Each structure stands twice: as C-alpha cells, then as structure tokens.
Amino acid sequence: MNLFVVSRRTTPPNFTNHMNTRSLSLLVFVAMQLVFAASQGAESGLKFVAHRIGTFRSESCCVGDFNDDGRPDIAAGPYLYLAPDWKPRKIRELAGAVDEQGKGYFDDFMNAAVDVDGDGRLDIVSCGWFSQSSQWFRNPGVDGALWSERLIEKNGNFETGGVYDLLGTGRRNVLVPFVSRTVWGVLDTDSEGKRPIVMRIVSEKNMEFGVGVGDVNGDGRPDIIRPNAWFEAPADRVGGVWKEHPLGLGGKDGKAVHTAQILVFDVNDDKLPDLIASTAHGFGIYWYEQRRDAGGAIVWRQYVIDDTWSQAHALALDDLDGDGVPELITGKRFMAHNGNDPDAFGPLGVYYYQLRRGPAPTWTKHVVSLGEGIGAGQNIEVADLNGDGRPDIATTGKWGGPVWFENQGAR
C-alpha cells in the first residue's frame with residue numbers, strides 16, 4: 001500500500017473571519033517575508049549567460065566528444081555543433097516539419113551520445129513518435145558525410161527515452177524507452193548493425209509515459225521506475241523476474257500521470273532513496289518521501305516543489321554550485337501539443353532549484369533564463385562545455401535552439 005499526502009494545505013472557508021487583527025497582521029507579515037525570500041532566491045545563486053548556437057526547432061539534444069579532441073560537443077536536430085566554434089555541421093536528415101509558430105514536429109524525440117558499435121566514436125541514439133521506432137545514427141567520423149541510420153526496434157509511440165547504467169557496470173549503455181510497456185536493451189552491436197540489439201521485457205502492462213532508473217530499496221541493484229509502478233530488479237537482470245510494486249507519480253494526491261524523467265535521490269538525507277517527478281503536460285513538480293511502515297514495507301508521501309508554472313517536461317539533477325548537493329534543473333516545454341496544453345503560451349524559462357537537505361528539506365527556485373524565449377524540450381544536458389571546471393547547461397526546443405548556458409559561478 002502506498003501513502004500519498006500533498007504537503008500544501010488549503011485554507012478553510014471564512015477562515016479570516018475568525019482571526020483577530022493581530023493574527024491577520026502577523027499573517028501578512030509572514031507572507032511578505034516569504035515573497036521577499038522568493039525574490040532573493042531569484043536574484044541570488046549562480047549567474048548564467050546564454051549562448052544560442054542554433055535556431056532549429058527540434059526538441060532533443062545531447063552532449064559528447066564526437067570528434068575525440070577532448071572537448072564536449074552538442075548534437076541537436078540534424079546538426080552537430082563542435083566546440084569551441086559551435087558552427088553547425090549537418091550529420092543527418094530528419095522527418096517532419098515545424099513552422100515559425102512552433103507547430104508541428106521533427107520525429108526526433110530523444111538524443112543520447114553512446115558508442116553503440118564499439119568503434120571508439122560516439123553515435124547518437126534516437127526515437128520517434130510517428131515512426132514508432134527507436135534507432136541509432138552511426139558516427140563515421142566528422143568529415144562531412146551524413147551518418148547512416150539503423151533501426152533498434154519498433155515498439156509503438158516513443159515519447160522519448162533514456163540511457164542508464166541499469167546493469168551496475170559503471171557504463172550508461174542501456175536504453176529504457178518511454179513507451180507504454182516496460183522494456184530495456186543493451187546498446188551493443190557491430191558497425192553494420194547486423195548483431196541485433198535485444199530488448200528485454202520487464203512488463204507488458206500499458207503505463208503512463210515516464211521512466212527512471214535507480215536503487216529504490218537499497219539492495220545495490222538499479223530498479224526501473226514508471227509513473228504507475230516501480231520494478232524491483234532481480235539479481236539476474238536478464239533472466240529473472242522484475243517484481244512490480246504499485247506507485248502513483250506525477251499527479252496530485254498520488255495519481256499516476258505522464259511524467260518527465262523520474263529521478264532517484266535521498267532528498268531529506270534519511271538514508272532512504274526518494275523520488276522526484278513532474279507533471280509533463282500540466283502544473284506540478286514533486287518529490288516523494290520514502291518511508292517504511294511497521295512491517296518494513298515502502299510507502300510514499302508526496303510534497304510539492306513548485307506548481308506555479310506548467311510543462312516541466314525535462315528534469316535533471318547535477319551539482320551546479322559545487323557544494324556536494326545536486327540541484328534540480330528543469331524548464332518549460334514549448335508547444336508540446338501545438339498550443340493545447342495548460343498555460344501553453346506562458347513565458348518560457350529555465351530554472352534550477354537549490355536543495356537544502358534535512359528532516360524538513362527546502363527547495364529555492366533560481367532563474368537560469370526568463371524572458372529570453374528559451375525553455376526546454378525533451379531533455380536537459382549538464383556538462384562543462386568551456387573547460388572552466390563549472391557545469392554548464394544545454395537545452396533545445398521548438399522555440400529554436402540549441403542554447404547552452406555558461407555557468408559563471410556565484411553572482
């Protein structure tokens with residue numbers, strides 16, 4: 001049994017009628033202090049400078065050293081942007097179209113940098129909603145030739161996907177797609193793609209889009225998390241049975257809805273892994289405290305991180321300020337359903353939430369970008385893109401990108 005409690009409370013009707021003047025004045029004072037603290041969070045923190053290196057209206061990007069020169073590059077849409085000049089080099093063709101209002105789609109809903117064929121060069125793993133397939137693009141060397149496309153699998157509509165260290169080998173080389181059923185496969189084949197990439201079935205049940213990978217129960221094995229359930233990894237990941245545990249992520253009051261990436265992290269520092277998720281096409285970013293009942297079973301309690309803006313469709317955790325505690329990084333997706341989502345035309349932004357861990361953890365919101373027409377698409381990448389030792393942020397979307405944000409440290 002799972003327990004969900006939203007941390008915020010609503011005010012009873014006519015509550016203020018029963019308050020005396022002194023109590024009301026105190027409440028106003030506290031509210032003003034909270035507003036002041038929020039504004040301080042927005043003005044303090046780290047300084048980021050936006051570098052727009054492209055204007056292509058696709059929704060996925062990835063970071064990796066594609067030409068083996070020791071510097072991380074960015075791939076997004078049909079282009080590869082090699083550091084340090086970031087000039088676009090066309091590497092592939094993409095099906096689809098997006099107009100100047102952001103309506104339409106390019107069928108490229110995931111980008112991940114992985115050496116799929118073992119030749120020492122990073123390739124790009126992708127997936128498509130309309131093609132109902134996942135595929136990889138082989139890096140032949142960045143000499144101007146287009147990269148050939150090879151099929152991984154057909155598996156219905158691919159919302160996006162992630163590459164994880166599911167086997168505990170220290171390598172992020174396992175594809176877990178965001179599809180209705182739950183499957184995974186090791187990204188390992190030959191240069192011609194003749195050795196098939198085998199997708200292993202965890203569950204045939206149809207579930208909401210959204211995936212996470214992490215050790216939920218502390219047994220040392222990475223589990224698979226979906227909005228509707230988490231699957232406990234067996235000792236034998238290939239031949240064993242993944243045990244299903246009920247869950248409800250992404251919506252209010254424990255309702256399972258379409259989420260972005262699901263993150264596993266001990267938020268309150270009680271040595272039990274917690275979960276972080278968002279409503280991908282609505283309002284709400286949440287964390288879920290893991291508790292144990294009298295019998296030792298896992299139960300969950302839901303807390304709101306932020307529900308003031310919509311469509312946090314990409315989540316990432318990384319230590320941006322070097323204090324040893326990762327920040328939650330996210331941004332507003334643009335025209336996900338061509339303008340038919342809640343607050344679809346609200347201001348685009350990219351944000352990070354600074355976590356103060358403890359029994360009553362707090363999240364302070366900081367603006368990376370607001371009012372620049374920059375949000376996030378299907379994913380957010382974090383890497384040191386200019387070699388100054390500070391993690392930077394890369395993102396793209398149907399607003400036209402990619403953009404990387406240079407982390408210049410404390411304001």
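The values are calculated or read from the model by the stated rules, or taken from the named source; none is laboratory data. As the structure is a prediction and not an experimental result, all values here were calculated from the model. Note: ideal-geometry Cβ built from the backbone for every residue, glycine included; neighbour counts use all protein chains shown. Ligands, DNA and RNA are stripped out before the accessible areas are found, and what is left, the full protein with its side chains, is counted by its heavy atoms. Shrake-Rupley method; radii C 1.70, N 1.55, O 1.52, S 1.80 Å.
Restricting to the stretch 322-380, name every residue that is of a type in the set (Phe, Trp, Tyr), over 20 Å from Gly104 (Cβ atoms) and open to solvent by 20 Å² or more (accessible area, probe 1.4 Å).
Trp363
Yes/no per residue for (1) under 18 Å from Thr259 (Cβ atoms); (2) touching a strand residue (DSSP E or B) at 6+ places or on another chain (Cβ under 6 Å):
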residue	(1), (2)
Gln311	yes, yes
Glu327	no, yes
Phe334	no, no
Asp343	yes, yes
Pro347	no, no
Lys365	no, yes
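Looking at the stretch 331-353, I want the residues that are among the polar types (S, T, N, Q) and have a partner that is surrounded by 24 or more Cβ atoms within 10 Å (Cβ to Cβ) with Cβ atoms under 7 Å, at least 6 apart or on another chain. Which pairs are those?
Sorted first by the residue in the stretch 331-353, then by its partner, the list stays empty.
Assuming Val267 fulfils every condition listed in (1) part of a loop (DSSP other than H, G, I, E, B); (2) open to solvent by 10 Å² or more (accessible area, probe 1.4 Å); (3) at pLDDT 95 or above apart from one, which condition is it?
Against the list (1) part of a loop (DSSP other than H, G, I, E, B); (2) open to solvent by 10 Å² or more (accessible area, probe 1.4 Å); (3) at pLDDT 95 or above, Val267 comes up short only on (2).
Being closer than 11 Å to Val183 by Cα and buried (at least 21 other Cβ atoms within 10 Å of the Cβ) is the filter here; which residues of the stretch 203-219 pass it?
Of the stretch 203-219, the ones closer than 11 Å to Val183 by Cα are 203-205, 211.
The answer is Val211, and nothing else.
Does the stretch 202-219 include one or more residues that are outside any loop (DSSP other than H, G, I, E, B), modelled with pLDDT of 95 or more and over 16 Å from the mean Cα position of the chain (by Cα)?
Taking the stretch 202-219 as the starting set, the residues that turn out to be outside any loop (DSSP other than H, G, I, E, B) are 202-203, 212-214.
Then drop every residue that is not modelled with pLDDT of 95 or more, which leaves 202-203, 212-214.
The next check asks that each one be over 16 Å from the mean Cα position of the chain (by Cα); those that pass are 202-203.
Within the stretch 202-219 (the criterion being outside any loop (DSSP other than H, G, I, E, B), modelled with pLDDT of 95 or more and over 16 Å from the mean Cα position of the chain (by Cα)), the answer is yes, since at least one residue qualifies.
Name the one entry in Val238, Val186, Val211 that is out of contact with any Pro (no Cβ under 6 Å at 6 or more places or on another chain), of a type outside the set (Lys, Arg) and within 22 Å of Ile285 (Cα to Cα). Steps first, answer last, please.
Values: Val238 fails: within 22 Å of Ile285 (Cα to Cα); Val186 fails: within 22 Å of Ile285 (Cα to Cα).
Selected residue: Val211, the only one of Val238, Val186, Val211 that is out of contact with any Pro (no Cβ under 6 Å at 6 or more places or on another chain), of a type outside the set (Lys, Arg) and within 22 Å of Ile285 (Cα to Cα).
Exactly one of (1) out of contact with any Lys or Arg (no Cβ under 9 Å at 6 or more places or on another chain); (2) within 30 Å of His337 (Cα to Cα) is unmet by Arg71. Its number?
All conditions are met except number (2).
For the stretch 307-411, which strands (runs of 3 or more DSSP E) that fit wholly inside it have 1 or more residues that are among the aliphatic types (A, V, I, L, M) and in contact with a Cys (Cβ under 7 Å, 6 or more places away or on another chain)? Break it down stepwise before answering.
Details: elements: 312-318, 327-332, 349-356, 362-370, 381-383, 392-395, 401-410.
Of the strands (runs of 3 or more DSSP E) lying wholly inside the stretch 307-411, those with at least 1 residues that are among the aliphatic types (A, V, I, L, M) and in contact with a Cys (Cβ under 7 Å, 6 or more places away or on another chain) span 392-395.
Suppose we filter Val163, Val198 for residues that are crowded, with 19+ Cβ neighbours inside 10 Å, among the aliphatic types (A, V, I, L, M) and out of contact with any helix residue (DSSP H, G or I) (no Cβ under 8 Å at 6 or more places or on another chain); which single one remains? Full working, then the answer.
On the way: Val198 fails: crowded, with 19+ Cβ neighbours inside 10 Å.
Unique residue meeting the criteria: Val163.
Consider Lys252 carefully, then state whether it is touching a strand residue (DSSP E or B) at 6+ places or on another chain (Cβ under 9 Å), open to solvent by 20 Å² or more (accessible area, probe 1.4 Å) and modelled with pLDDT under 95. If you could, list the steps in order and put the result at the bottom.
On the way: touching a strand residue (DSSP E or B) at 6+ places or on another chain (Cβ under 9 Å): yes; open to solvent by 20 Å² or more (accessible area, probe 1.4 Å): yes; modelled with pLDDT under 95: yes.
So Lys252 passes the test.
Look at the stretch 60-71 and say how many of its residues are part of a loop (DSSP other than H, G, I, E, B), open to solvent by 10 Å² or more (accessible area, probe 1.4 Å) and farther than 14 Å from Gly141 by Cβ. Give the steps one after another, and end with the answer.
First pass over the stretch 60-71, keeping only residues part of a loop (DSSP other than H, G, I, E, B): 60, 65-71.
When the remaining residues are screened for being open to solvent by 10 Å² or more (accessible area, probe 1.4 Å), the result is 65, 67-71.
Within this subset, residues satisfying the condition of being farther than 14 Å from Gly141 by Cβ are 70-71.
Number of matching residues: 2.
Can you tell me which residue in the stretch 72-99 is farthest from Leu385 (Cα to Cα), limited to those that are open to solvent by 60 Å² or more (accessible area, probe 1.4 Å) and not in a loop (DSSP other than H, G, I, E, B)?
The selected residue is Ala97.
Condition check ((1) free of Cβ contacts under 8 Å to residues at least 40 places away in the same chain; (2) touching a Gly at 6+ places or on another chain (Cβ under 8 Å)) across all residues:
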position	(1), (2)
Val198	yes, yes
Val213	no, yes
Lys243	yes, no
His258	no, yes
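Among the strands (runs of 3 or more DSSP E) lying completely within the stretch 100-159, list those that include at least 3 residues that are surrounded by fewer than 16 Cβ atoms within 10 Å (Cβ to Cβ) and either more than 21 Å from the chain's Cα centre (by Cα) or free of Cβ contacts under 8 Å to residues at least 60 places away in the same chain (or both). Before you say what the answer is, go through the steps one by one.
Numbers: elements: 104-106, 112-114, 123-128, 133-138, 148-154.
Ranges flagged: 148-154.
Quick check on my filter: what residues within the stretch 166-186 are outside any strand (DSSP E or B), open to solvent by less than 50 Å² (accessible area, probe 1.4 Å) and over 23 Å from Asn206 (Cβ atoms)?
Taking the stretch 166-186 and keeping what is outside any strand (DSSP E or B), we get 166-173, 179-181.
After this cut, where a residue has to be open to solvent by less than 50 Å² (accessible area, probe 1.4 Å) as well, the list is 166, 173, 179-180.
Scanning the stretch 166-186 gives a single hit, Asn173.
Look at the stretch 220-249 and say how many of its residues are of a type in the set (Asp, Glu), open to solvent by 30 Å² or more (accessible area, probe 1.4 Å) and part of a strand (DSSP E or B). If you could, list the steps in order and put the result at the bottom.
Going through the stretch 220-249, the residues of a type in the set (Asp, Glu) turn out to be 223, 232, 236, 244.
Subset that is open to solvent by 30 Å² or more (accessible area, probe 1.4 Å): 232, 236, 244.
This time we only want the ones that are part of a strand (DSSP E or B), so: 232, 244.
Residues meeting the conditions: 2.
Just need a number here: residues in the stretch 270-286 that are assigned to a strand (DSSP E or B) and either open to solvent by 10 Å² or more (accessible area, probe 1.4 Å) or among the acidic types (Asp, Glu) (or both).
Of the residues in the stretch 270-286, the ones assigned to a strand (DSSP E or B) are 274-279, 283-286.
Now restrict to residues that are either open to solvent by 10 Å² or more (accessible area, probe 1.4 Å) or among the acidic types (Asp, Glu) (or both): 274, 279, 283.
Here the count works out to 3.
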